[in-house]
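A short write-up of the structure that comes next.
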Amino acid sequence: MKQTGNTILITGGGSGIGAALAQRFHDLGNSVIVAGRRREALEQAIAGRPRMSAMVLDVESAEGVADFARRVLAENPALNVLINNAGIMRFEALDQGRDLGDAEATITTNLLGPIRMTDALIGHLTAQADAAIVNVTSGLAFVPLVATPTYCATKAAIHSYTVSLREALKNKVEVIELAPPAVQTDLTPGQSTRSGYQPLEEFIDEVMALFAQQSTPPEILVERVKPLRTAEAEHRFGETLTELNERVRRAREAQG
């Protein structure tokens, strides 16, 4: 992926990994559009930064995504990079009947959202030079956290979707998967200070170094996520599943 001179759209760009990516890519000399639900957070992410702009986006609505795509292309005809980062993570108990609202919202945001956004922009992107799509998944796509089952399932689905997309767009659009480990962000309550999670700035430093490689890897994997990515191939899946879930349980209990 070209490192500078792009026009980049980042969904979920008002906070956390999305905002950090937006600012780092902007520092490299790219024009960046951040999109998300909360106007205030978006404005904070772009404050004092020329060539950055903010647009409100509701990824839960098919019509909203289609309308957004029309508006963003009208205002940014040079758009050549899409980073599908918007996502939510909800804790769910699978051992009892429950309201499925959290599961349905997670599927809509994390799975349908990137599919809809990619579909809305694909005709434009395939006509651009140096076009790229980056889908943000998770290490939990490969080894799930039992307490967040729908989140993990959506990330596994987007991993698979990205593999197909990469093959379908070969020699047209570069397709990259970014799979974070547990990072200190506000994705879930208390996560931004949770012990054992990777500090956001440390994570972004590693990510940007990987993006800067002469040939961008098809999967952006920092060192902390590699044990999850390779667990099944290395025949460590069962033990990794147990260890991951126990470690996260202890970390959450330590915070009260």
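The values are calculated or read from the model by the stated rules, or taken from the named source; none is laboratory data. All of these numbers come straight from a predicted model, not from anything done at the bench. All Cβ positions, even for glycine, are placed from backbone atoms using ideal geometry, and neighbour counts span all protein chains on display.
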ask   = Residue check: is Glu232 farther than 18 Å from Ile88 by Cβ, touching a residue at least 24 places away in the same chain (Cβ under 8 Å) and of a type in the set (D, E, K, R)?
value = yes
key: Residue list for segment 14-34, restricted to those being of a type in the set (A, V, I, L, M, F, W, C), touching a helix residue (DSSP H, G or I) at 6+ places or on another chain (Cβ under 7 Å) and not in a helix (DSSP H, G or I)   = Val32, Ile33, Val34
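Condition check ((1) without any contact (Cβ under 8 Å) to a residue 40 or more places away in the chain; (2) within 30 Å of Gln3 (Cβ to Cβ); (3) in a loop (DSSP other than H, G, I, E, B); (4) hydrophobic (A, V, I, L, M, F, W, C)) across all residues:
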| residue | (1), (2), (3), (4) |
| --- | --- |
| Phe91 | no, no, yes, yes |
| Gln96 | yes, no, yes, no |
| Ile107 | no, no, no, yes |
| Gly113 | no, yes, no, no |
| Thr118 | no, yes, no, no |
| Leu121 | no, yes, no, yes |
request  = Please indicate, with yes or no, whether at least one residue in segment 200-214 is among the aliphatic types (A, V, I, L, M) and either over 27 Å from Ala132 (Cα atoms) or assigned to a strand (DSSP E or B) (or both).
outcome  = no
note = Only one of (1) part of a loop (DSSP other than H, G, I, E, B); (2) surrounded by 12 or more Cβ atoms within 10 Å (Cβ to Cβ); (3) modelled with pLDDT of 95 or more; (4) not basic (Lys, Arg) does not apply to His235, and that is (2)
ask   = What is the number of the single condition among (1) modelled with pLDDT of 95 or more; (2) surrounded by 18 or more Cβ atoms within 10 Å (Cβ to Cβ) that Val59 does not meet?
value = (1)
request  = Out of Phe203, Phe211, report the one residue that is of a type in the set (A, V, I, L, M, F, W, C), touching a strand residue (DSSP E or B) at 6+ places or on another chain (Cβ under 7 Å), modelled with pLDDT of 95 or more and over 23 Å from Cys152 (Cα atoms).
outcome  = Phe211
